[in-house]
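The values are calculated or read from the model by the stated rules, or taken from the named source; none is laboratory data. Remember, it's a predicted structure, so these values are computed and weren't measured experimentally. We place every Cβ from the backbone using ideal geometry, glycine too, and count neighbours over all the protein chains shown.
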Amino acid sequence: MLPLAGFVLEVLAVNKISHVVKDEDIFKNYLYALIIGIVGVGVAVIFGIIAAFILGISLFGIISSLSYYSYLGFLENLGSSLILLAVLILIAIWIALVIAASFVKKSFESIAAKLNVPMFKTTATLYWIGALTSIVIVGFLVLFIGNILKIVAYFNIPEETPPPSPPPPQKS
């Protein structure tokens, strides 16, 4: 329950920042990341459940009609099929993670620019790199470090919003 509460508080914080700096794209991008992440994982889980159900039904019919030796060959093929299925599901989750991280990156880069807190830009970069490299496991360490820096970034938000930067002078 504690991680869920922290996540809800972060969504509320990004929404508040979006309203304070008057940039709705910050929250929209964060919301897109949230939706893509949930839908991506949900689709992968549903796909896994359906595949397991279909596999279970076919297993029951096949196993009852096999001899001992064909049963051993069947188990070998089944193992390969399950590994392939698991890899496909993990790739689907990875793709959703990468797409969601791109939206988080946009959101956090906007926060960094609007609030003049460069730590959000660093966090955005770490999220992007972590999502891309999570396929080889090391990315989860990068994502963990990104989460720590995100906490630091939130504590570095100024009490007052900085005035907007003046436009660059026009050359005549």
Query raised in the report: When only residues in region 117-156 that are touching a residue at least 12 places away in the same chain (Cβ under 8 Å) and small (G, A, S) count, which is farthest from I91 (Cα to Cα)?
Result: A153
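Filter region 11-27 down to residues that are charged (D, E, K, R) and in contact (Cβ under 8 Å) with a residue 12 or more places away in the chain and give me whichever is nearest to V104 (Cα to Cα). Spell out how you get there, then give the answer.
Of all residues in region 11-27, those charged (D, E, K, R) come to 16, 22-25.
Checking the rest, the ones that are also in contact (Cβ under 8 Å) with a residue 12 or more places away in the chain come to 23, 25.
Details: D23: 15, D25: 11 Å.
Step by step, filter region 11-27, then rank; the result is D25.
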Query raised in the report: Of all residues in region 104-113 being surrounded by fewer than 20 Cβ atoms within 10 Å (Cβ to Cβ) and touching a residue at least 12 places away in the same chain (Cβ under 8 Å), which is farthest from K28 (Cα to Cα)?
Result: A112
Report summary line: Note on P118: of the conditions (1) modelled with pLDDT under 90; (2) surrounded by fewer than 13 Cβ atoms within 10 Å (Cβ to Cβ); (3) not small (G, A, S), unmet is (1)
Query raised in the report: Can you find even one residue in region 79-90 that is at pLDDT 75 or above and not hydrophobic (A, V, I, L, M, F, W, C)?
Result: no
